[in-house]
Amino acid sequence: MSDSLQQYLLHLADTNLILTQRNAAWCGHGPILEQDIAITNITLDLIGQARNLYQYAAAVQEKITGEATTEDKLAYHRAEREYYNLLLVEQENGDWAQTIVRQFFYAVFQFTLYQKLQKSPDAQLAAIATKSIKETAYHVEWCSEWVIRLGDGTEESKQRMERAVENLWPYTGEMFIPAAYEEELATEDIIPDVSTLLEPWLQKVKDIFDEATLLLPQKQHNHTGGKTGVHTEKLGYILAEMQYLPRMHPEAN
């Protein structure tokens, strides 16, 4: 179980970290100052959650291997195929609409997941979920307001939202297709079966889309692989930028 738990913790942490790196590019470039600050604060929330998960993953890895590691080594000194983040979060920022849709899809999933993880018999995992869910509830609220504002806004904003949904929808299915490590943990009731999260996620998305006068796409092919280390070429560029300084100066503090 320890191997599966460590992989799962890295999956959650990596997803937050890569989304953090994407969102951080908006700092100083948001549409208005208030919203620039808002997405920056959401990004800080995500990096805080990632740190908690990496710290726990480091402790689990030390138990498995007997060798000490740190959150920084896990975040900055792994190769592309060793990252288990969702493909969704490595997709490009695009315009403001695409960034909002990406964050919205993930935030609703994250909130639904944390609701279940709060009840996990793994006390550390449950504590991280309990601490994080308050932040994630705000993320859902903020994104929902933007989805409605843009979807039910001007003709151009609606078209941009429709294009963003079309671009990102094929990457949402991966959230609900369990990797082997998720299946093992779910069998032991450590985490929920992620396939059971699809219905509440879809319902929340549909409720907001109805207000935004947006349509849910018809079912289509799901891109998968991120959970097991198979990524789009975009992740390599993200890591090249994110890991440059830590790899050039590995002993720096």
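The values are calculated or read from the model by the stated rules, or taken from the named source; none is laboratory data. Since the model is a prediction, treat every value here as computed from it, not as a measurement. For neighbour counting, all protein chains shown are included, and Cβ atoms are generated from backbone atoms with ideal geometry for every residue, glycine included. These accessible areas exclude ligands, DNA and RNA; they are computed on the full protein's heavy atoms, side chains included. Shrake-Rupley method; radii C 1.70, N 1.55, O 1.52, S 1.80 Å.
Data table
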| quantity | calculated |
| --- | --- |
| Residue match in the stretch 55-77 (condition: out of contact with any Pro (no Cβ under 6 Å at 6 or more places or on another chain) and under 23 Å from Tyr138 (Cα atoms)) | no |
| Some residue of the stretch 92-99 being polar (S, T, N, Q) and in contact with a helix residue (DSSP H, G or I) (Cβ under 6 Å, 6 or more places away or on another chain) | yes |
| Flag if Ala186 is assigned to a helix (DSSP H, G or I), modelled with pLDDT of 95 or more and either closer than 17 Å to Ser4 by Cα or touching a strand residue (DSSP E or B) at 6+ places or on another chain (Cβ under 8 Å) (or both) | yes |
| Ser144 touching a helix residue (DSSP H, G or I) at 6+ places or on another chain (Cβ under 9 Å), of a type in the set (Ser, Thr, Tyr), more than 20 Å from Asn41 (Cβ to Cβ) and surrounded by fewer than 22 Cβ atoms within 10 Å (Cβ to Cβ) | no |
| Residues of the stretch 26-57 satisfying the condition of being under 14 Å from the mean Cα position of the chain (by Cα), farther than 16 Å from Gln243 by Cβ, open to solvent by less than 10 Å² (accessible area, probe 1.4 Å) and modelled with pLDDT of 95 or more | Leu46, Gln49, Leu53 |
| Selected residue (only one of Glu184, Glu166, Glu188, Glu174 is closer than 18 Å to Ile208 by Cβ and touching a residue at least 40 places away in the same chain (Cβ under 8 Å)) | Glu166 |
| Yes/no for Ala240 being exposed (fewer than 15 other Cβ atoms within 10 Å of the Cβ), outside any helix (DSSP H, G or I) and of a type in the set (A, V, I, L, M, F, W, C) | no |
| Exclusive hit being in contact (Cβ under 8 Å) with a residue 12 or more places away in the chain, assigned to a loop (DSSP other than H, G, I, E, B) and open to solvent by less than 10 Å² (accessible area, probe 1.4 Å), set Asn85, Asn93, Asn23 | Asn85 |
| Pair list, Cβ under 9 Å, 6 or more apart: the stretch 142-155 residue assigned to a helix (DSSP H, G or I), other residue at pLDDT below 95 | Trp142/Gln35; Trp142/Ala38; Trp142/Ile39; Trp142/Ile42; Cys143/Ile42; Trp146/Gln35; Trp146/Trp96; Leu150/Trp96 |
| Residues (of a type in the set (Ser, Thr, Tyr) and over 19 Å from the mean Cα position of the chain (by Cα)) located in the stretch 181-238 | Thr187, Thr213 |
| Test set (1) modelled with pLDDT of 95 or more; (2) in a helix (DSSP H, G or I); (3) β-branched (Val, Ile, Thr); (4) buried (at least 17 other Cβ atoms within 10 Å of the Cβ) - Ile191 fails condition number | (2) |
| Matching residues in the stretch 118-137 - criterion: being more than 16 Å from Asn16 (Cα to Cα) and either open to solvent by less than 20 Å² (accessible area, probe 1.4 Å) or touching a residue at least 24 places away in the same chain (Cβ under 8 Å) (or both) | Ser120, Pro121, Asp122, Gln124, Ala126 |
| Candidate set: the stretch 58-84, residues that are of a type in the set (A, V, I, L, M) and in contact with an Asp or Glu (Cβ under 8 Å, 6 or more places away or on another chain); chosen: the one modelled with the highest pLDDT | Ala58 |
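Table: residues versus (1) of a type in the set (A, V, I, L, M); (2) over 24 Å from Tyr114 (Cβ atoms); (3) surrounded by 13 or more Cβ atoms within 10 Å (Cβ to Cβ).
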position: Glu183; (1), (2), (3): no, no, yes
position: Leu198; (1), (2), (3): yes, no, yes
position: Lys204; (1), (2), (3): no, no, yes
position: Pro217; (1), (2), (3): no, yes, yes
position: Thr224; (1), (2), (3): no, no, yes
